[in-house]
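A short write-up of the structure that comes next.
The values are calculated or read from the model by the stated rules, or taken from the named source; none is laboratory data. Worth saying up front: this structure is predicted, and the values here are computed from it rather than measured. Heads up, the Cβs are rebuilt from the backbone with ideal geometry, glycines too, and the neighbour counts pull from every protein chain shown. Heavy atoms of the whole protein, side chains included, go into the accessibility calculation; ligands, DNA and RNA do not. Shrake-Rupley method; radii C 1.70, N 1.55, O 1.52, S 1.80 Å.
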Amino acid sequence: MSETCVLSVIVPVYNEEESLPHLCPRLLKTLDGMHRPYEIIFVNDGSRDASLKMLLDFHKANPGKVRVIDFNGNFGQHMAIMAGFDHSRGDVIVTLDADLQNPPEEIPNLVAKIDEGHDVVGTIRQNRQDPKFRKMASRMVNSITNKITGLRLNDYGCMLRAYRRDIVNIINQSCESTTFIPALAQKFAVNPVEIPVGHTEREHGTSKYSIFRLIRLNFDLMTGFSLFPLQAVTMIGIVVSALSFVFAIYLMLRRIIVGPEAEGVFTLLNINFFLMGITMSCVGITGEYIGRIYQEVRKRPRYVIRREWNDA
Ligand code: UDP
Ligand code: MG
């Protein structure tokens, strides 16, 4: 990659009025210091605070460097990045959260790895500063996801990442409406690498992910990249049926040899509840797939852009 290749930095923004005044100057300083042409694409994902106004001021103050895409509602972080990908013109594309949990000063390190010939540069958060339960949940999700999807990633959650143009082109072609960008990129990458990056606590504003949104996102990851949960459901069904068959034979023989029994009502109830639980979760897992299939077949637009502000 030459010094003249263009860099696109995509930042999804959802109610980040507290962070933006800190983010913008740091981002500009870092990118100016890299001495290559760049564009910053802010995607306003339906913020209800002063974020859009701040972004437009920033766009006016930095002609030719800052572009703004304004969504017509909240479509989620991954769709915001998708829109950024679609509109980006760079040869190298970097994604960054607006909350400064990952320092923008790391961008040159990521781009250096692309220059070395890697097509996707992932990141592993060092000394991750998030609530304990989020860190534990995320460790669990990372290892389960690797096993289920067959992908190899140490940290799915960190969105400070760099991609080469050809990878972003492939992502743009796969018009998925429920997806998980780091996993998608990893699937298409030929020579990916992961590097450690700093991570700090969110100093301004609060996390935009509630526990339910996080769970939904993780189901997107699971269902989007593997059919293993469906196969597991089938296997559980087969094993339970086989066990029930053996148990039925045992009960029949017992009735013939020892005689009828009327005890053990609560044991029976307990077994029943256990099996009902398994059945409900199996229906649920199947439903997670069906719901997403339904979303895809309706072919509604993945996101709606209200307005764009490009080069001044
Ligand atoms: N974000 C977004 N749309 C959403 C939720 C989040 O564009 O519906 C943006 C948010 O503004 C931030 C990034 O995605 O730039 C990551 O969000 P957050 O820091 O809240 O996630 P966390 O770090 O808690 O996982
Ligand atoms: Mg964050």
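How far, in degrees from 0 to 90, does helix 51-61 lean away from the longest principal axis of the Cα atoms of the chain, to the nearest 10?
The angle comes out at about 30 degrees.
If I build a Gaussian network model for the chain, linking alpha-carbon pairs within less than 10 angstrom, which residue out of SER281, SER244, SER19 has the largest mean-square fluctuation?
Comparing SER281, SER244, SER19 in a Gaussian network model of the chain, the most mobile one is SER244.
Relative contact order for segment 137-198 using alpha-carbon pairs under 8 Å, separation at least 6, rounded to a whole percent?
Worked out over segment 137-198, it gives 33 percent.
Bin width 5 Å, origin at 0, all Cα-Cα pairs of segment 63-150: what percent of pairs per bin?
2, 9, 15, 19, 22, 18, 11, 3, 1, 0
Given the options SER143, SER241, SER88, which has the most mean-square fluctuation in a GNM of the chain, springs set between C-alpha atoms less than 10 angstrom apart?
SER241
Under 8 Å for C-alpha pairs, at least 6 residues apart: give me the relative contact order for the chain, rounded to a whole percent.
It comes to 23 percent, rounded to a whole number.
With the chain treated as a Gaussian network of Cα nodes joined by springs under 10 Å, which of GLU39, GLU261, GLU106 yields the largest mean-square fluctuation?
In this elastic network of the chain, the residue with the biggest mean-square fluctuation among GLU39, GLU261, GLU106 is GLU261.
Under the rule of -39500 (n - 2.57) per DSSP H run of 4 or more residues, summed and divided by the residues of the chain, what mean residue ellipticity at 222 nm is obtained, to the nearest 500 deg cm²/dmol?
The helix contribution divided over the chain gives -16500 deg cm²/dmol.
With all distinct Cα pairs included, what does the Kirkwood hydrodynamic radius of segment 258-312 come out to in Å, to one decimal, could you say?
16.4
Stokes-Einstein D for segment 177-312 at 4 °C, 1.567 mPa s, Kirkwood Rh over Cα pairs, in µm²/s?
63
What do you get for the angle between helix 228-257 and the principal long axis of the chain? Use alpha-carbon atoms, 0 to 90 degrees, nearest ten.
10
Quick one: helix 265-298 against the long Cα principal axis of the chain, what's the angle to the nearest 10°, folded into 0 to 90?
Tilt relative to the chain: about 30 degrees.
Quick check: pseudo-label points 7 Å beyond the Cα along Cα→Cβ at ASN310 and PHE212, how many nm apart are they?
3.9
In segment 135-174, carbon and sulfur make up what percent of the accessible area (probe 1.4 Å)?
57
Rounded to whole Å and sorted largest first, list the principal axis extents of the Cα atoms in segment 167-235.
That gives 45, 32, 24 Å along the principal axes, largest extent first.
Per residue of segment 93-103, in order, report the coupling 6.51 cos²θ - 1.76 cosθ + 1.60 (Karplus, θ = phi - 60°) as ³J(HN,Hα) in whole Hz, putting x for Gly and Pro.
10, 10, 10, 8, 6, 7, 8, 6, 5, 9, x
So what does the Cα-only Debye profile of the chain read at q = 0.15 Å⁻¹, as log10 I(q)/I(0), no solvent term?
Results for the chain at q = 0.15 Å⁻¹ read -1.23.
When the expected Rg is taken as 2.2 N^0.38 Å, what fraction or multiple of it is the alpha-carbon Rg of segment 117-194?
1.13
Can you give the FRET efficiency for MET280 and ILE124, using 1/(1 + (r/R0)^6), R0 = 45 Å, r = Cβ-Cβ distance, to the nearest 0.05?
E between MET280 and ILE124, to the nearest 0.05, is 0.80.
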